[in-house]
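Student: Below is one structure. I have some questions about it.
Just so it is clear, none of the values below were taken in a lab; they were calculated from the coordinates. All of these numbers come straight from a predicted model, not from anything done at the bench. Neighbour counts run over all protein chains shown; Cβ positions are idealised from the backbone, glycine included.
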Amino acid sequence: MEIVVVLVIIGALALFFIATYNRLITLRQRVKEAWADIDVQLKRRHDLIPNLVETVKGYATHESTVFQKVTEARAAAVAAGSSASPEQRAQAENMLTSALRSVFAVAENYPQLQAVQEFKDLSENLTATEDKISFARRFYNGNVRDYNTSLQTFPTNVFAGMFGFKAEQYFELADATEREVPQVKF
Amino acid sequence: MSSVTTDSTPARLSIYDAAAANRWRTLLLIAVFTALIAVLAYFVGEYFAPGAGIAALPFAFAISTGSALVSYFAGDKLILAQSQARELGPSEEPQLRNIVEALALGLGIQSPKIYVIEDSAPNAFATGRDPQHASIAVTRGLLDKLDRTELEGVIAHELSHVGNRDIRVMVLVTVLVGTVALLADWMWRSFFWTQGGRRDRDRGGAGAIIAVIAIALAVLTPIIAGLIQLAVSRQREYLADASGALLTRYPPGLASALRKIAADKEPLEVANKATASLYIANPLKDAPAFFDHLFDTHPPIEERIKRLEAMD
């Protein structure tokens, strides 16, 4: 009789552990997938910037410090992209965003540049990419929150650490007003 | 742009939960429709010849399985073709494409195929089997009459249908309701052909009861099927409004879009009774007031706007 009771308890516990473990794996996988979405958009942004710099350079020949800054910021963001944590990447991306803003600010002083189709396309593409980054980021943060919450609530928190589950980092970009590519008026 | 500027992560409706609920709902729907068709077939079989009811059941199951399979694999294509929707080329309507792609990222789903219906009445719908096989169709009127935040609101509503797996349920219901209506119509005609012939032969009171039940079912089944469709579609419009607004973080965008769509009195010509419930707002503009909203395909737009305005 006691053996049956013990076996039932062990069985129930085992089922509980399996279910919880699988749920954590699923949630963590969603975080990873969501991160991949952000990564794609950030890379797209990095790819657009050299073209933008080249196009603006053609018209604004005397602004080399601005171009140098954005090129350096881009290089730093690309470097951070290969290995760094979400927090470090966010920092690098924020630097890049503010450098990008100064490029657009410079561009505003050159009316001929505003009329160039390539420049229009590039700034539209960059705006769309910023938009996508912001939505991808939101989805990512939502998944991180779901994962972290279930990691930290009882009874999962008791043994999550034993299986090597760690809380994931949010991806926070700088203040929204600073994050947007300034609207270019044509 | 204003819709993407708030920087926080408030509570959201998880699309994973909604999707799981919809999987059960899909199974339940297929079961209910199969039962409906089986009951109809059984009594109509009994009506024509005692004992034939059982023989009619395999046909009933074949028909419901067949239409469920058709709707699963080809329902979206049938609906898009019937609505005369044309798929957008990669460089057409870049603003629309950017909105769809950005919002799809926000939901974590693959960006759906985009179709345009060349009609000046503003409206939109989403269809497909799952997010990997999804399409979203908007009318030319919607693109012309809405500004960016309004368009974002509408697209977010439609993408919520995709993310929630509503689209599969909606396609299934559309096709199954069509099948039931077709069957009932067909049986109704056979009643007239055989009228007076075999009804009273070799039968006592049981025969008369079966005859009454068979006729009543032939009348009621399409109405029941229609009511299931309406109940299903109205409920999920509110849900898609809510999760769409959570996605854009800007409920006034969708509210203002709904106001513009409601103000437009022109009916959408390519829509019909079967596809009407797919659209974001009733495309037929024909709500019959005397049925006390029982037969409306959509919740009243004023109520939807009121709920959206209460959100922020």
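Student: Which percent of Cα-Cα pairs in the range A:1-82 sits in each 5 Å bin, short to long?
Tutor: Answer for the range A:1-82: a P(r) of 3, 12, 13, 11, 10, 7, 7, 6, 5, 5, 5, 4, 4, 3, 2, 2, 1, 0 percent.
Student: Follow-up. On average, how many beta carbons from a partner chain sit within 10 Å of the beta carbon of a residue in A:122-134?
Tutor: Numbers: counts 0, 0, 3, 2, 0, 2, 7, 3, 3, 11, 8, 3, 9.
So the per-residue partner count for this stretch is 4.
Student: To continue, here is another question. With a cut-off of at most 16 other beta carbons within 10 Å, and DSSP calling the residue loop, which GluC sites (Glu not before Pro) in the range B:82-118 qualify? Please list them. Let's see the in-between values first.
Tutor: Details: sites: B:Glu87, B:Glu92, B:Glu101, B:Glu118; in loops: B:Glu92, B:Glu118.
The qualifying sites are B:Glu92, B:Glu118.
Student: I want to make sure I understand the PRE zone here: with the label point 7 angstrom from the Cα of A:Ser85 toward its beta carbon, which residues in the range A:114-147 have backbone N atoms less than 17 Å away?
Tutor: A:141, A:144-145
Student: Given Cβ point charges of +1 (Lys, Arg) and -1 (Asp, Glu) and nothing else, what value in debye, to the nearest 20, does the dipole of the range B:96-165 about its Cα centre take? Can you show the working numbers first?
Tutor: Values: 7 positive and 9 negative charges, 43 e Å.
That gives a dipole near 200 debye.
Student: For a paramagnetic label modelled at 7 Å from the Cα of B:Glu269 toward its Cβ, which residues of the range B:78-103 fall within the zone defined by backbone nitrogen distances under 19 Å?
Tutor: Backbone N within reach: B:80-87.
Student: Further question on the same structure: When Rg is the radius of gyration of the Cα atoms in chain A and Rh is its Kirkwood radius, what does Rg/Rh come to? Present the calculation step by step, with values, prior to reporting the outcome.
Tutor: Values: Rg = 23.5 Å, Rh = 19.2 Å.
So for chain A, dividing Rg by the Kirkwood Rh gives 1.22.
Student: Continuing with this model, one more query. Using Cα atoms only, what is the angle between the long axis of helix A:64-83 and the major principal axis of chain A, expressed in degrees (0 to 90) to the nearest 10?
Tutor: Approximately 20 degrees, to the nearest 10.
Student: Calculate the spin-label point distance for B:Ser120 paired with A:Ala36, positioning each point 7 Å from the Cα along the beta-carbon direction, and give it in nanometres.
Tutor: For the pair A:Ala36/B:Ser120, the computed spacing is 4.7 nm.
Student: Among A:Leu126, A:Leu13, A:Leu100, determine the one that fluctuates most according to a GNM of chain A built with springs between C-alpha atoms less than 10 Å apart.
Tutor: A:Leu13
Student: Okay, next question. Could you give the length gained by full extension between B:Arg86 and B:Phe59, i.e. 0.36 nm per residue of separation minus their alpha carbon distance, to one decimal place? Don't skip to the end; give the middle numbers.
Tutor: Numbers: separation 27, 0.36 × 27 = 9.72 nm, distance 3.65 nm.
Result for the pair: 6.1 nm of gain on full extension.
Student: Run the numbers for A:Gln152 and A:Val4: contour at 0.36 nm per residue of separation, minus the present Cα-Cα distance, in nm.
Tutor: On the way: separation 148, 0.36 × 148 = 53.28 nm, distance 3.32 nm.
The span from A:Gln152 to A:Val4 would gain 50.0 nm if fully extended.
Student: Let me ask another. If you take the square roots of the eigenvalues of the alpha-carbon gyration tensor of the range B:11-309 and sort them as a ≥ b ≥ c, do you get rounded (a/c under 1.5), prolate (a/b over b/c) or oblate? Each step should come with its number before you reach the end.
Tutor: Working: a/c = 2.43, a/b = 2.17, b/c = 1.12.
Because a/c hits 1.5 or more and a/b exceeds b/c, the range B:11-309 counts as prolate.
Student: With a 10 Å cut-off between alpha carbons and a GNM built on chain A, which of A:Ala73, A:Ala136, A:Ala167 moves the most?
Tutor: Among A:Ala73, A:Ala136, A:Ala167, the largest mean-square fluctuation in the Gaussian network model of chain A belongs to A:Ala167.
Student: Given the options A:Leu27, A:Leu15, A:Leu96, state which has the largest fluctuation in a GNM of chain A using a 10 Å cut-off (strictly under) for Cα springs.
Tutor: Taking springs between Cα atoms under 10 Å, the residue moving most is A:Leu15.
Student: So how far apart, in nm, are the two label points at B:Ala21 and B:Arg148 if each is 7 Å from Cα heading toward Cβ?
Tutor: In this crude label model, B:Ala21 to B:Arg148 measures out at 3.3 nm.
Student: For the range B:11-309, what is the charge dipole size about the Cα centre, in debye to the nearest 20, if Lys and Arg each add +1 at the Cβ and Asp and Glu each add -1 at the Cβ?
Tutor: Numbers: 29 positive and 30 negative charges, 135 e Å.
In debye, rounded to 20, the range B:11-309 gives about 640.
Student: If you only keep lysine pairs separated by 8 or more in sequence, or across chains, how many in the range B:11-309 come under 12 Å at the Cα atoms? Provide the component values of the computation, followed by the final result.
Tutor: Details: B:Lys77/B:Lys113; B:Lys145/B:Lys260; B:Lys265/B:Lys285; B:Lys273/B:Lys285.
So the count works out to 4.
Student: Shielding by partners for A:138-151, please: the mean number of other protein chain Cβ atoms within 10 Å of each residue's Cβ. Could you put the intermediate results ahead of the total?
Tutor: On the way: counts 13, 10, 4, 3, 10, 4, 1, 3, 3, 0, 0, 0, 0, 0.
The mean count of partner-chain Cβ atoms within 10 Å per residue comes to 4.
Student: Give me the count of lysine pairs in chain A whose alpha carbons sit under 30 angstrom apart, restricted to pairs 8 or more positions apart or on different chains.
Tutor: Summing the qualifying lysine pairs gives 20.
Student: Kirkwood Rh, the protein assembly as shown, all Cα pairs: how many Å? Don't skip to the answer; put the middle values down first.
Tutor: Numbers: mean 1/r = 0.0382 Å⁻¹.
Taking the inverse mean of 1/r over all distinct Cα pairs, the protein assembly as shown comes out at 26.2 Å.
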